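**Student:** Okay, here's the structure, questions in a sec.
The values are calculated or read from the model by the stated rules, or taken from the named source; none is laboratory data. Everything numeric here is computed off the predicted structure, so don't read it as measured data. Neighbour counts are summed over all protein chains in view; Cβ atoms, including those assigned to glycine, are modelled from backbone coordinates with ideal geometry.
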Ligand SMILES: [Zn+2]
């Protein structure tokens with residue numbers, strides 16, 4: 001067996017082992033603290049709610065463990081025999097050319113998608129259903145999946161044709177591929193709120209006194225958006241949220257109907273001030289730059305790896321095709337994903353604190369704190385998290401830390 005394949009296997013096993021160990025720590029920590037609500041939240045969260053959150057966390061972690069073990073198995077099978085076998089089948093049916101390469105990559109990603117499907121089904125119709133969060137039916141779920149598959153085919157097939165064509169030209173193809181992907185990302189940010197999101201949900205303009213209140217807030221923050229919408233999130237799940245989407249003229253603020261149903265007006269205003277904070281503090285642009293830079297490094301590595309004659313033989317692959325090289329490169333480059341994820345989460349948590357701070361200055365600490373506590377309680381998020389687990393996995397700071405920070409800052413105001 002070649003050194004690179006051994007290295008890939010070792011890194012994959014180690015990464016999954018680390019992930020599992022963190023999940024075990026999290027489950028143990030939550031179980032240890034299941035008996036009592038943390039004192040700071042004793043007046044807001046009942047013991048029964050606290051224990052339900054602990055049980056929900058345990059159920060999610062168990063499913064997560066099964067999914068990551070299975071994911072490891074799938075990655076190893078792809079690397080050791082899968083790519084070679086699938087390419088062999090396609091080679092027998094389709095003559096040499098760009099279409100054969102594209103078909104191979106589409107087949108691989110479709111198979112990976114189908115293999116991940118049982119875990120999605122278990123999550124929604126098992127765990128989410130058991131804890132009362134699921135609102136979707138098997139039919140609606142299947143329709144959602146079909147729509148997503150059609151959408152990703154529509155976007156990825158032309159992209160793959162372009163990238164594989166570029167790979168056969170002289171010169172640094174990966175720079176053009178990277179540039180194309182970044183432009184596509186920008187175009188999708190513009191297109192998503194207008195054309196893609198309405199395919200999955202209904203968006204109705206926000207009306208009534210809440211609208212006037214939020215427009216007042218937007219005015220105070222010096223923000224112009226082309227829309228303020230309510231999304232019928234309740235058709236899929238009862239988890240509440242709000243988000244900000246789009247760039248330029250299509251930018252809009254979206255509130256989940258589930259969020260509106262359970263929060264007071266001032267709390268909603270605080271949640272929106274947090275979202276506006278992300279915009280005002282340039283977090284959207286920083287995120288874009290961060291993603292583009294990460295992609296640049298990934299493409300640089302792929303561009304170099306693809307040229308190496310030892311790449312495919314080192315994975316035991318006897319055939320030669322740019323699509324095979326691309327698939328193997330992605331496996332190799334993905335080994336760095338856990339490190340990238342940790343850095344991204346760290347940056348994201350800093351941004352969350354900054355947006356909280358913005359909301360505190362605009363609306364006040366208490367409304368935001370109480371909305372965050374309610375959101376977390378209603379979604380059965382546990383208040384007790386293992387520190388190391390949170391450090392690696394959380395894109396948002398744990399709720400107790402956010403609330404503590406808000407209150408401390410309010411006291412020194
Ligand atoms: Zn945020």
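**Student:** Please go through (1) surrounded by 14 or more Cβ atoms within 10 Å (Cβ to Cβ); (2) within 21 Å of residue 284 (Cα to Cα); (3) more than 20 Å from the chain's Cα centre (by Cα) for residue 257 and return the number of the only condition it doesn't satisfy.
**Tutor:** (2)
**Student:** Kindly establish whether residue 66 is modelled with pLDDT under 95 and within 26 Å of residue 236 (Cβ to Cβ). Reasoning before the result, please.
**Tutor:** On the way: modelled with pLDDT under 95: no; within 26 Å of residue 236 (Cβ to Cβ): yes.
Against the criterion (modelled with pLDDT under 95 and within 26 Å of residue 236 (Cβ to Cβ)), residue 66 does not qualify.
**Student:** Next up: For residue 407, all conditions in the list (1) within 24 Å of residue 221 (Cα to Cα); (2) in a helix (DSSP H, G or I); (3) within 16 Å of the ligand (Cβ to nearest atom) hold save one; what is the number of the exception?
**Tutor:** Every listed condition holds for residue 407 apart from (3).
**Student:** Go over the candidates 178, 174, 195 one by one and state the one that is outside any loop (DSSP other than H, G, I, E, B) and free of Cβ contacts under 8 Å to residues at least 40 places away in the same chain.
**Tutor:** Within the list 178, 174, 195, the selection yields 195.
**Student:** Same structure, new question: Which residues, counting only those in the stretch 358-380, are within 16 Å of the ligand (Cβ to nearest atom), in a loop (DSSP other than H, G, I, E, B) and buried (at least 18 other Cβ atoms within 10 Å of the Cβ)?
**Tutor:** 363, the sole residue that qualifies.
This table checks each residue for (1) closer than 24 Å to residue 84 by Cα; (2) surrounded by fewer than 16 Cβ atoms within 10 Å (Cβ to Cβ); (3) within 16 Å of the ligand (Cβ to nearest atom).
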position	(1), (2), (3)
299	yes, no, no
304	yes, yes, no
313	yes, yes, no
316	yes, yes, no
320	yes, yes, no
346	no, yes, yes
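**Student:** Please name all residue pairs, on different chains or six or more residues apart, with Cβ atoms under 8 Å, provided the first residue is in the stretch 390-407 and is free of Cβ contacts under 8 Å to residues at least 24 places away in the same chain and under 11 Å from residue 352 (Cα atoms) and the second residue is assigned to a loop (DSSP other than H, G, I, E, B) and more than 14 Å from the ligand (Cβ to nearest atom).
**Tutor:** 398/383; 398/385
**Student:** Mind telling me which of the residues 169, 130 ends up being more than 24 Å from residue 58 (Cα to Cα) and loosely packed, with under 13 Cβ neighbours inside 10 Å?
**Tutor:** 169
**Student:** Continuing with the same structure: Do we find a residue being without any contact (Cβ under 8 Å) to a residue 40 or more places away in the chain and over 29 Å from residue 371 (Cβ atoms) anywhere in the stretch 37-54? Explain how you work it out, then say what you get.
**Tutor:** Just the residues of the stretch 37-54 that are without any contact (Cβ under 8 Å) to a residue 40 or more places away in the chain, to begin with: 39, 42-43, 46-48, 51.
Now restrict to residues that are over 29 Å from residue 371 (Cβ atoms): none.
Checked the stretch 37-54: no residue is without any contact (Cβ under 8 Å) to a residue 40 or more places away in the chain and over 29 Å from residue 371 (Cβ atoms).
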